[in-house]
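K.L.:
Got a structure for you, written out below as structure tokens; questions coming shortly.
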Amino acid sequence: MILAAGQGTRVRPLTKDLPKPMVPILGKPVMEYLIEHLARHGITEIMINVAYHHKMIEAYFGDGHRWGVNIGYSFEGVCEHGDILPRPKGSAGGMKAIQDFSGFFDETTLVICGDAIIDLDLGAALGEHHGKGALASVVTLEVPEDQVQNYGIVVADAAGKVEFFQEKPSPAQAKSNLASTGIYFFEPQVLDLVPSGVSFDIGSQLFPLLAEKGLPFYAQSRFFNWIDIGRVQDYWQVLQRVLRGEVAEMSMPGKEIRPGVWVGLNTSIDWENSTIVGPVYIGSSVKIEPGCSLIGPAWVGHGSHLRAGAKVIRSVLFEYTRVGNGMEFSEMIVSPRYCVNRAGDTSYVGDDRCPLRWGDARGG
């Protein structure tokens, strides 16, 4: 079960026109990496709950045959005055709606958020879940104490049994630094605790209920890469790690034509008179004029254009972004409509705070 019905408000403007699982990394939606990982581990029946911009997810992933899996969708919404409107039911409520509709969850189910990249050994995690006779398991990682307010925090005993669950506590209130990674294993009986027809959340409602009842609910502490795109600044950091080759199972697209420089098809690049230092990925149909500097880690989306003298340093250009003559971007995410610095501060084209102007950056 991939959870993909949220609005992704904390990563706006990236999610202004697309759902969070469709936010691109090197030209691929983040959820595509997740589906590839599931397929590698033999998980071939995947349900996805959707709401906001649901048609974009459904149109891209279809029935899943391209990845060797079978994908189904559960739209969470209502029809009002002829319009179909998204109405997410909460992470647990969305699962309950599927169960009431079809009884899909008839065996141990992996539940995972659609906005993270992982390389977790799913077979080992499933084995631990079964070995402990767990009704529910949550995979955790330690996070710095000053970041606990960004996560659901798990408090467990020496055997790993969860005693209680804190949803985004302040550092002063946190009882541990074990963060939920949004990766869960559930037995079908868990959904008997979820009421039908109401919004119900896994972290803030279901987990505290499991702990309160003293049911076999366990935390797993594992070493693996968990790259969560919870905030805009997380997204910038993720891309830097990917471009530096620090994330397993994420190969660079294109052809490596010189060390650390990957290039797509149909590009026009003045190699003689430009400075390009990897790691860099330059997408297809990109044009780079003389005098430009492109310093990695950096990603230039397909169809983009760097005009003479432009400098792009440790930055990301989304597809069809044009950077004007002599313009410089350092540690930024740039699209034809907005730019975001690494701290998550956003400015839009035409805004005095944004280096871009309507004549400089545009689609097309």
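K.L.:
Please compute the Kirkwood hydrodynamic radius over the stretch 141-200, one decimal place, Å, based on all pairs of different Cα atoms. Spell out each step's value before the answer.
P.N.:
Working: mean 1/r = 0.0774 Å⁻¹.
Kirkwood hydrodynamic radius for the stretch 141-200: 12.9 Å.
K.L.:
May I ask for the percentage of alpha-carbon pairs in the stretch 18-100 that lie more than 16 Å from each other? Spell out each step's value before the answer.
P.N.:
Values: 1919 of 3403 pairs.
Considering the stretch 18-100, 56 percent of its Cα-Cα pairs are separated by more than 16 Å.
K.L.:
Once phi is turned into ³J(HN,Hα) by the Karplus curve 6.51 cos²θ - 1.76 cosθ + 1.60 with θ = phi - 60°, what whole-Hz value does each residue of the stretch 144-154 show in order, with x for glycine and proline?
P.N.:
Per residue, the Karplus-derived 3J(HN,Hα) values read x, 4, 7, 10, 4, 5, 8, 9, x, 10, 9 Hz.
K.L.:
Between helix 30-40 and the chain, what is the angle of the helix's C-alpha long axis to the longest principal axis, kept within 0 to 90° and rounded to the nearest 10?
P.N.:
60
K.L.:
Only counting other Cβ atoms within 10 Å, I'd like Arg231, Arg342 sorted with the fewest neighbours first.
P.N.:
Arg231, Arg342
K.L.:
Could you tell me the distance between the Cα centroids of the stretch 91-107 and the stretch 245-297, to the nearest Å?
P.N.:
What the calculation gives is 45 Å, centre to centre.
K.L.:
Out of residues 5 or more away from Phe329 or on other chains, whose amide H comes under 5 Å of its own, with H placed 1.01 Å from N in the peptide plane?
P.N.:
The list, which skips near neighbours in sequence, is Lys311, Val312, Ile313.
K.L.:
For the stretch 178-274, taking Cα atoms only, what is the radius of gyration to one decimal and the Dmax to the nearest whole Å?
P.N.:
22.0, 69
K.L.:
Using the Karplus equation 6.51 cos²θ - 1.76 cosθ + 1.60 (θ = phi - 60°), what ³J(HN,Hα) coupling, rounded to whole Hz, does each residue of the stretch 210-217 give in order, writing x for Gly and Pro?
P.N.:
For the stretch 210-217, the Karplus curve yields 4, 5, 4, 7, x, 6, x, 10 Hz.
K.L.:
How many nm is it between the label spots at Ser347 and Lys213, if each spot is 7 Å from the Cα in line with the beta carbon?
P.N.:
5.3
K.L.:
Could you work out how much longer the chain between Glu45 and Glu246 gets when fully extended? Use 0.36 nm per residue separation minus the Cα distance between them, nm to one decimal. Don't skip to the answer; put the middle values down first.
P.N.:
Values: separation 201, 0.36 × 201 = 72.36 nm, distance 2.93 nm.
Using 0.36 nm per residue and subtracting the Cα-Cα distance, I get 69.4 nm.
K.L.:
Calculate for the chain the 222 nm mean residue ellipticity that helices alone would give, adding -39,500 (n - 2.57) per DSSP H run of length 4 or more and normalising by residue count, nearest 500 deg cm²/dmol.
P.N.:
Estimated from H runs of four or more residues: -4500 deg cm²/dmol.
K.L.:
Using modelled backbone amide H atoms (1.01 Å from N, in-plane), which distant-in-sequence or interchain residues come within less than 5 Å of His305's amide H?
P.N.:
Lys287, Thr321, Arg322, Val323
K.L.:
OK, next. Anyone know which of Lys213, Lys311, Lys132 comes out most mobile in the 10 Å Cα GNM of the chain?
P.N.:
Lys213
K.L.:
Measure nothing but the geometry: give the 0 to 90° angle between the long axis through the Cα atoms of 232-243 and the longest principal axis through the Cα atoms of the chain, rounded to 10°.
P.N.:
The angle comes out at about 70 degrees.
K.L.:
In what sequence, highest mean first, do 191-199, 136-144, 221-229 appear when ranked by Cβ atoms within 10 angstrom?
P.N.:
Ranking the peptides 191-199, 136-144, 221-229 by packing returns 136-144, 221-229, 191-199.
K.L.:
Using Cα atoms only, what is the angle between the long axis of helix 122-131 and the major principal axis of the chain, expressed in degrees (0 to 90) to the nearest 10?
P.N.:
10
K.L.:
Something else now. Take the Cα of Asp121, step 7 Å along the line toward its Cβ, and report every residue of the stretch 35-51 whose backbone nitrogen sits under 20 Å from that point.
P.N.:
37-43
K.L.:
Can I ask one more? For the stretch 41-152, what log10 I(q)/I(0) values come out of the Debye formula at q = 0.15, 0.17, 0.23 1/Å, with one point per alpha carbon and no solvent?
P.N.:
-0.87, -1.08, -1.47
K.L.:
For Lys16 and Glu167, what is the calculated FRET efficiency with R₀ set at 30 Å and r taken between the beta-carbons, to the nearest 0.05?
P.N.:
Approximately 0.70, to the nearest 0.05.
K.L.:
Rounded to the nearest angstrom and ordered from largest down, what semi-axes does the equivalent ellipsoid of the stretch 252-348 get from its C-alpha gyration tensor (root of 5λ)?
P.N.:
20, 14, 12
K.L.:
Measure of size requested: the Rg and Dmax of the chain, with Cα atoms as the atom set and Å as the unit; please supply both.
P.N.:
Cα only, the chain: 22.0, 69 Å (Rg, Dmax).
K.L.:
OK, next. Say the cut-off is 32 Å between C-alpha atoms; which of Lys16/Lys132; Lys16/Lys175; Lys55/Lys213; Lys20/Lys96; Lys55/Lys311 go over it? All intermediate terms of the calculation are to be shown ahead of the outcome.
P.N.:
Details: Lys16/Lys132 42 Å; Lys16/Lys175 35 Å; Lys55/Lys213 39 Å; Lys20/Lys96 22 Å; Lys55/Lys311 37 Å.
Beyond 32 Å between Cα atoms: Lys16/Lys132; Lys16/Lys175; Lys55/Lys213; Lys55/Lys311.
K.L.:
If r is the Cβ-Cβ distance from His130 to Ser293 and R0 is 56 Å, what FRET efficiency results, to the nearest 0.05?
P.N.:
0.55
Only the coordinates and a few stated rules stand behind these numbers; no lab work does. Small disclaimer: the values here were computed from a predicted structure and weren't measured. In this analysis, Cβ positions are derived from the backbone assuming ideal geometry, glycine residues included, and neighbour counts consider all displayed protein chains.
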